[in-house]
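The values are calculated or read from the model by the stated rules, or taken from the named source; none is laboratory data. For clarity, every value in this text was computed on a predicted model and none was experimentally measured. Cβ: placed from backbone, ideal geometry, glycine included. Neighbour counts: every protein chain shown.
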Amino acid sequence: MSEDNNQIILFVDADACPVKAEIYKVTERHGVKVLLVANSYMMIPRDLTHVERIVVPSGLDVADDWIAERARPGSIVITADIPLASRSVNAGAITIAPNGKLHTANNIGNTLATRNLMDSLRSSGQVTGGPAPFSARDRSSFLSSLEEAITRLKREGFKP
């Protein structure tokens, strides 16, 4: 994979990403390259020439590390993993959760702290529930956030 540092690249933490179809649709319209990063083979529709599959070895955080090492200004990272989101924001990437939440330098610290607190409470048995089910509203919010992120990068001079 070689890319120009002025090219928009979208990295997807793909193993459990519920918005791949939305990613394909928006990035195809804009001509943005997509890298689906996972530790297992993943089907990609044949007609999507702008989407590339990256299969990394199995192991804890291997896909996250691969993405974090390549995230940079001009890239977009799609992940539900808060530690990866933090690393991506710190690298200058636009970072979006599948529910459309935009992670920024201003909010990632609080998001990471909340994630760590909830993880601790779940480990101690004090909290037994997980996140709310993924909804149509989340999908819509994601589409809007991704569209805005690509448009912003184009205005800043990054090329698809």
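Among the residues making up region 1-20, none is assigned to a helix (DSSP H, G or I) and in contact with a Phe, Trp or Tyr (Cβ under 7 Å, 6 or more places away or on another chain).
The set of residues from region 26-41 being surrounded by fewer than 19 Cβ atoms within 10 Å (Cβ to Cβ) and either within 11 Å of the chain's Cα centre (by Cα) or assigned to a loop (DSSP other than H, G, I, E, B) (or both) comprises G31, N39, S40, Y41. If you go through region 125-142 and keep only what is surrounded by fewer than 11 Cβ atoms within 10 Å (Cβ to Cβ) and at pLDDT 75 or above, you end up with G125, Q126, A132, P133, S135, A136, R137. Against the test of being surrounded by 14 or more Cβ atoms within 10 Å (Cβ to Cβ), outside any strand (DSSP E or B) and modelled with pLDDT under 95, the options I23, I44 yield a single qualifying residue, I44. A single entry from I78, I54, I67 fulfils the requirement of being among the β-branched types (V, I, T), crowded, with 20+ Cβ neighbours inside 10 Å and farther than 20 Å from S144 by Cα: I67. Helices (runs of 4 or more DSSP H) fully within region 49-124 that include at least 1 residues being of a type in the set (S, T, N, Q), at pLDDT 95 or above and within 10 Å of the chain's Cα centre (by Cα): 82-90. Tell me yes or no: at least one residue of region 91-104 is touching a residue at least 24 places away in the same chain (Cβ under 8 Å) and charged (D, E, K, R). Within region 91-104, one or more residues are touching a residue at least 24 places away in the same chain (Cβ under 8 Å) and charged (D, E, K, R).
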